[in-house]
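Asker: Here you go, one structure.
The values are calculated or read from the model by the stated rules, or taken from the named source; none is laboratory data. Keep in mind the model is a prediction, meaning the values are calculated, not measured. No Cβ is skipped: glycine too gets one built from the backbone with ideal geometry, and neighbour counts run over all protein chains shown. For the accessible areas, the whole protein counts, side chains as well, though only heavy atoms, and no ligand, DNA or RNA atoms are used. Shrake-Rupley method; radii C 1.70, N 1.55, O 1.52, S 1.80 Å.
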Amino acid sequence: VKKFETIKQILGEDLQKSPSHSIGNAFAPSNIALCKYWGKRDQELNLPVTSSLSVSLGSKGATTFLEIIQDNHDQIILNDVVLQSDSPFSRRLVTFLNLFRSNPQLKFKISLHSNIPIAAGLASSAAGFASVIKALDQLMGWQLAPQHLSILARLGSGSASRSLWQGFVEWHAGSRDDGMDSVGESLTETWQDMCIGLLIVSAKEKILSSRVAMQRTVTTSSLYSAWPTKVAQDLATLKIAIAEKNFSLLGQTAESNALTMHATMLSAWPPIFYSSPETISAVQKIWSLRAQGLEVYFTQDAGPNLKLIFLQKDAQAVQMNFPELEILQPFSN
Ligand code: DP6
């Protein structure tokens, strides 16, 4: 119900208009949060408790090809594999598309391609929903501004609201009940020599979706009350670090933010622990490399894999220590 109100505010009359094209085709980058989104104040609209800040991954992300089909069901294809209609991802996507059909008979073939390893825990929701809403914008002929697409993408997945832009993006928590001020904003600063390394320590499926995990954390963790204050501090610090190109400050703040998020999960009940033994070895290796003077930091989301943060000048040294690392340069394609 609330979702529909949001869509009516953005699309108005266009909501009833039939599609202007029969296809849509769009790319959206994955994003990695340096200051995390963890906890919702509204589960229907994916409104966050706090703001967050991410960096988008350039050409790494998801491409959606959307086509109107004459059928009774949507057809969903992920990396060339047709998904069962009852798979969790299909259901989420169909539910999302239901919000935007100008008539219930309108069915789509949705073909999603991710060029980031699925196991990286990056392949799914953010880039996926952002690319779907961009493809839908083309097909329906809405011609919406990125801010509005950000609000609509958020209805599919919170972190998708940050995947409408490249570079650093802040997702403002906002304070309105309707979420019209809970929107991504692209920061003007760039950081040419910043590198992100994807460290896949385990290709196993997630033990628990971030959606379920964050809700459990909000409702059961005694540490969660400290999270909003921590985020406010980290956000302010990250912005200073970015403005002053203070890499140590950026790395420390991002790593500490991720560890604090995981601490709130450890204190949830039942406890949530996404790290595997391989994650812990990698973290210890990063800390020992830092003790030896190599400036490498990590962040971790709702899975065992790590994202390493370092500067171009140290890329070779980092790669030598983590031969399997895939290195991305978010600010230079
Ligand atoms: C740990 O955006 O996947 O990656 O809004 O329920 O779809 P939903 O959650 P999602 O959560 C992402 C959590 C995170 C941190 C982040 O990306 O900020």
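Asker: So V169 clears everything in (1) out of contact with any Ser or Thr (no Cβ under 9 Å at 6 or more places or on another chain); (2) open to solvent by less than 10 Å² (accessible area, probe 1.4 Å) except one condition, right? Which one?
Answerer: (1)
Asker: Let me ask you something else. Tell me which residues, restricted to the range 284-307, are closer than 16 Å to L328 by Cβ, open to solvent by less than 20 Å² (accessible area, probe 1.4 Å) and either within 16 Å of the ligand (Cβ to nearest atom) or modelled with pLDDT under 95 (or both).
Answerer: F298, T299, N305, L306, K307
Asker: Can you name the residue in the range 18-42 that is among the aromatic types (F, W, Y) and in a loop (DSSP other than H, G, I, E, B) and is also most open to solvent (accessible area, probe 1.4 Å) among such residues?
Answerer: Y37
Asker: Across the range 179-202, what is the total count of residues that are open to solvent by less than 10 Å² (accessible area, probe 1.4 Å) and assigned to a strand (DSSP E or B)?
Answerer: Of the residues in that region, 7 qualify.
Asker: Give E324, E255 a once-over and let me know the one that is surrounded by fewer than 17 Cβ atoms within 10 Å (Cβ to Cβ) and among the charged types (D, E, K, R).
Answerer: So the residue among E324, E255 that is surrounded by fewer than 17 Cβ atoms within 10 Å (Cβ to Cβ) and among the charged types (D, E, K, R) is E324.
Asker: Check off (1) open to solvent by 40 Å² or more (accessible area, probe 1.4 Å); (2) in contact with a Lys or Arg (Cβ under 9 Å, 6 or more places away or on another chain); (3) more than 13 Å from the ligand (Cβ to nearest atom) for L66 and give me the number that stays unchecked.
Answerer: Checking L66 against (1) open to solvent by 40 Å² or more (accessible area, probe 1.4 Å); (2) in contact with a Lys or Arg (Cβ under 9 Å, 6 or more places away or on another chain); (3) more than 13 Å from the ligand (Cβ to nearest atom), the one that fails is (1).
Asker: Also, I was wondering about something else. I'm trying to understand the selection: among the residues of the range 125-136, which are open to solvent by less than 20 Å² (accessible area, probe 1.4 Å) and either more than 21 Å from I77 (Cα to Cα) or not polar (S, T, N, Q) (or both)?
Answerer: Within the range 125-136, A126, A127, G128, F129, A130, V132, I133, A135, L136 qualify.
Asker: Next up: Scan L57, L15, L45 and give me the residue that is under 21 Å from the mean Cα position of the chain (by Cα) and either open to solvent by 10 Å² or more (accessible area, probe 1.4 Å) or closer than 30 Å to T220 by Cβ (or both).
Answerer: The match here is L45.
Asker: Considering only helices (runs of 4 or more DSSP H) fully contained in the range 203-311, which possess at least 1 residues that are among the basic types (K, R)?
Answerer: 210-220, 227-244, 277-291
Asker: Within the bounds of the range 147-160, is there any residue that is away from the ligand (no atom under 16 Å from the Cβ), modelled with pLDDT of 95 or more, part of a loop (DSSP other than H, G, I, E, B) and open to solvent by 40 Å² or more (accessible area, probe 1.4 Å)?
Answerer: No: the range 147-160 contains no residue that is away from the ligand (no atom under 16 Å from the Cβ), modelled with pLDDT of 95 or more, part of a loop (DSSP other than H, G, I, E, B) and open to solvent by 40 Å² or more (accessible area, probe 1.4 Å).
Asker: Could you say which residue among K60, K8, K109, K3 is of a type in the set (K, R) and in contact with a helix residue (DSSP H, G or I) (Cβ under 7 Å, 6 or more places away or on another chain)?
Answerer: K8
Asker: Would a scan of the range 85-108 turn up a residue that is modelled with pLDDT of 95 or more and in a strand (DSSP E or B)?
Answerer: yes
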